[in-house]
Amino acid sequence: MTIRLVSRRRFLEQTSLATALALTSDWSQAAESPPGKKLGVALVGLGGYSTRQLGPALRETNFCRLAGVVTGDRAKGEQWAREYGFSEKSVYSYGTMARLADDRAIDVVYVVTPNGLHAEHAIAAAKAGKHVIIEKPMCNTVAECDAVLEACKVANVRHSIGYRLFWDPYHTELRRLAREEDFGTFKKMTGDRAFVMREWRWRADKKLAGGGPLMDLGVYLIQAACMAKNGAAPAFVTARELPKTRPDVSRDTEETLQWTMEWSDGAIASFTSSYQQNHDHFRAEAPRGWIDFKDSAFSYKVGPVETSRGPLKYPAPNHQALQMDDFAQCIQTGRASPVTGDMGRRDVVIIESIYRAMASGRREAVAS
Ligand code: NAD
């Protein structure tokens, strides 16, 4: 088998303009700084993802920078201000988000709190006149997604979802294979995403997470399957919850869920997400070939990935830096984001259908 080392030029040819703009200078860095100011980003929620991924990524961005935080811990916010070099005036609490309206240093608010709080925080940001990025999954319910989209429309601000894998080269190749039907149309998809949750956390709480591993992990499989189907949502779903092995951890949400998604062209995806297993795999098959994300399919560093033509080997970019720089460029140029709130809503529609199928035991149509 030959390793497919795709040149940067060829890769850029394969990617959308949006991605290409962000990848022109270096795989691990965003593009050259443009003239003009970097947009100011405020992170809402200084938990694990903000601390370990988004904050550090904002040191690598060229079109935006960390300019504020919203946190329940004032002292922590002031420490972030010192570390990242922004004004302590731009440290807010969840209750003072309305004051963001007067803060000219902040252009974009990035909501990184538990899923059940995304709608409240995104709407507060939109009302303050700020563009919004919301972490995945967009919200607990479709109704909440609609409320966020309406608030953004009324405030005339842009919205985006933290779907960082849109800036991963392997997932970009999956989209290219689908778009160009290089192997034909993908007809069969399989995958698992799971980790072992040793003790209860908000991610297993119905109110704060909206559900169990389907919300947190399954959304990645749904994203990949929709990429393989060129953005099309499935028409029908079925779902089956497996017996709980740790009911003390997964109290009011599922522990392990197996589900299927069926498209109108007959394509079918069979997936599992769990809080008591360890998996990170996705495979898509078409009549003339296949792509297999054998491990770490959705990690910060994706791979190994093989295709029926041989293994793929791409450099590992900083997903989050590219994602945030792309949104900043969308705002600056008026270009559409490839990962808008409408896509986030599509995925929550699918998730709601899967939970309906889990409850009914029947094959359920996916609402539009
Ligand atoms: P976390 O538990 O580490 O942090 C959550 C933050 O929200 C904390 O700062 C916490 O203090 C704050 N918070 C505010 N109100 C809260 C409440 N009522 N209960 C609990 N916490 C509250 O979680 P995280 O891993 O940073 O995840 C945050 C969001 O980011 C989630 O939506 C998650 O799905 C998403 N996320 C995305 C990725 C990705 O790769 N795109 C990775 C990790 C997390």
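No lab work stands behind these numbers, since they all come straight from the coordinates. Just so we're clear, the structure is a prediction, and the values are computed from it rather than from any experiment. Positions of Cβ are generated from backbone atoms using ideal geometry, with glycine treated the same way; all protein chains shown enter the neighbour counts.
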Exercise. Given H placed 1.01 Å from N in the peptide plane, which residues other than close sequence neighbours of Tyr92 have an amide H under 5 Å from its amide H?
Worked result: Val69, Val70, Thr71
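Test of understanding: what is the full-extension gain from Lys301 to Ser270, defined as 0.36 nm times their sequence separation minus their Cα-Cα distance? Can you show the working numbers first?
Values: separation 31, 0.36 × 31 = 11.16 nm, distance 2.39 nm.
Length gained between Lys301 and Ser270: 8.8 nm.
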For this session: Take the alpha carbon atoms of the stretch 274-291, find their center, do the same for the stretch 162-203, and report the distance between the two centers in whole angstrom.
Result: 8 Å
For this session: Order by neighbour count: Arg193, Arg346, Arg59, fewest other Cβ atoms within 10 Å first, most last.
Result: Arg59, Arg346, Arg193
For this session: Kindly write out, for the stretch 196-207 in residue order, the coupling ³J(HN,Hα) from the Karplus curve 6.51 cos²θ - 1.76 cosθ + 1.60 (θ = phi - 60°), rounded to whole Hz, with x marking Gly and Pro.
Result: 8, 8, 7, 9, 4, 9, 4, 4, 9, 9, 4, 6
Problem set entry | Gain on full stretching of the segment that runs from Glu150 to Ala75 - 0.36 nm per residue minus C-alpha separation | 23.6 nm
Problem set entry | Likely footprinting exposure, His281, His319, fewest C-beta neighbours within 10 Å first | His281, His319
Exercise. Taking θ as phi - 60°, what are the ³J(HN,Hα) couplings along the stretch 44-59 by the Karplus curve (6.51, -1.76, 1.60), each to the nearest whole Hz, with x for Gly and Pro?
Worked result: 9, x, 9, x, x, 5, 5, 5, 8, 10, 6, x, x, 5, 5, 7
Problem set entry | Förster-model FRET efficiency, 41 Å R0, Ala232 and Asn278, C-beta, rounded to 0.05 | 0.85
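By counting other Cβ atoms within 10 Å of each Cβ, how are Ile291, Ile123 ranked from fewest to most? Could the numbers behind the result be given before it?
Numbers: Ile291 25, Ile123 21.
By the 10 Å Cβ count, ascending, the order reads Ile123, Ile291.
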